[in-house]
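Here is the structure we will look at, set down as structure tokens.
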């Protein structure tokens, strides 16, 4: 039988089933890596990959921000500023906080037990800002409070309702409504009354009732009244004794780079952030954590200064407000990322948790992605698909180097002397991992 390593790639695509090869040679049910360099909710996560940056995030943005209102999560690379894991980090810290209302996060941040307070977090993003604005982002943040942080755990709003019931000694909806409204009046300043349909639904059915109301809100109402929905969220938290909400707002670059957003709109949206930092019920209660990179900074600097917002630049004098992600620095970090994704699709135990990647291929992946975790995952998917289609027993350094050195997979030629796996095997041997 003709060796697959002596065939042109187009011939191999016809003769080898890539999924079968993943299952039999690598113990993978499917390619575990994402199609795009974008973090999706509930994707695999390894807390050890950026352990220093994660701890810095906790200490600067959660522990210290109990006394501050805004922090900036930057990404910065040699040739690009995106794909460094900002979204993943925000989502994971938000989940970590919401599982127990901040107890674990504040403990890891070094807060003594007698100093810990209850906190909550909500992840949202400024994506598609040209068609919406900051207020729909705040609306989505409230929706996030009604979602389980991880499967099988209670969402923030249900935890808040439990605390209210515990404090009142009753789950009577009328008592909950009265307590929530009283709590709002104590913190609201000049803010308008709460939306009664949300208050009643929360008192009757907790997060489930709130989600039902939110699902019926039109896009226009979200655009105009998003702040009113956040008011309800703050009132529910306050009624439960949760006095700090961390708003993890992602994709701030859309405010800077989307061409359809006029200068006037940029100024207005940034002004709304300033307004929330200055007075009740938001000042001291809502803490913004915003993503930043160089392109966004250049576009937003003028508007930021006009609205007298806290400084966002990376500098020694601003280090308390900034955490910078600079990417994967070594092969061990890359291996941790690959391992946690591969584990998700294993159909049996394997001796080598990185199978099918050998150590040399890990190095090539890191260099080809320039340490950008989003690009690394995209590259890992591409080369794993290609290697499976070739029937390769391993993804070696030579295979990876040739793959990423070529602009077209059809240019890759595998000869008998090429060190790309195990040459001169027939396809059955390759699938069975035997010679």
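The values are calculated or read from the model by the stated rules, or taken from the named source; none is laboratory data. Note that the structure is predicted; figures quoted are calculated from it, not measured. Cβ placement follows ideal geometry from the backbone for every residue including glycine, while neighbour counts extend to all protein chains displayed.
Observations on the model:
- Among the residues of the stretch 367-385, those identified as surrounded by 22 or more Cβ atoms within 10 Å (Cβ to Cβ) and closer than 15 Å to residue 396 by Cβ are 380, 383, 384.
- Within the stretch 78-101, considering residues that are touching a residue at least 60 places away in the same chain (Cβ under 8 Å) and over 15 Å from the mean Cα position of the chain (by Cα), the one surrounded by the fewest Cβ atoms within 10 Å (Cβ to Cβ): 79
- Residues within the stretch 258-276 that are more than 25 Å from residue 228 (Cβ to Cβ) and surrounded by 14 or more Cβ atoms within 10 Å (Cβ to Cβ), tallied: 1
- Restricted to helices (runs of 4 or more DSSP H) entirely inside the stretch 68-149, no element has at least 3 residues that are touching a strand residue (DSSP E or B) at 6+ places or on another chain (Cβ under 8 Å), within 21 Å of residue 44 (Cα to Cα) and not assigned by TED's automatic domain parsing to the domain that holds residue 247.
- Restricting attention to the stretch 189-202 and to residues that are over 31 Å from the mean Cα position of the chain (by Cα) and within 12 Å of residue 235 (Cβ to Cβ), the residue that is surrounded by the most Cβ atoms within 10 Å (Cβ to Cβ) turns out to be 191.
- The set of residues in the stretch 43-65 that are modelled with pLDDT under 80 and assigned to a helix (DSSP H, G or I) contains only 65.
Every residue, every condition in (1) outside the structural domain of residue 83 (by TED's automatic domain parsing); (2) over 16 Å from residue 33 (Cα atoms), yes or no:
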site: 306; (1), (2): no, yes
site: 316; (1), (2): no, yes
site: 336; (1), (2): yes, no
site: 340; (1), (2): yes, no
site: 343; (1), (2): yes, no
site: 351; (1), (2): yes, yes
site: 379; (1), (2): yes, no
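- Test set (1) at pLDDT 95 or above; (2) farther than 28 Å from residue 241 by Cα - residue 79 fails condition number: (1)
- Any hit, the stretch 277-293, residues being crowded, with 16+ Cβ neighbours inside 10 Å and out of contact with any helix residue (DSSP H, G or I) (no Cβ under 9 Å at 6 or more places or on another chain): yes
- Taken over the stretch 1-42, residues that are within 16 Å of residue 373 (Cβ to Cβ) and either surrounded by fewer than 18 Cβ atoms within 10 Å (Cβ to Cβ) or modelled with pLDDT of 80 or more (or both) amount to 8.
- Residues of the stretch 169-215 that are part of a loop (DSSP other than H, G, I, E, B) and within 28 Å of residue 275 (Cα to Cα): 188, 189, 190, 191, 192, 193, 194, 195.
- Single unsatisfied condition, residue 354 versus (1) under 22 Å from residue 82 (Cβ atoms); (2) in a loop (DSSP other than H, G, I, E, B); (3) modelled with pLDDT of 95 or more: (1)
- Within the stretch 239-255, considering residues that are in a helix (DSSP H, G or I) and crowded, with 21+ Cβ neighbours inside 10 Å, the one nearest to the chain's Cα centre (by Cα): 253
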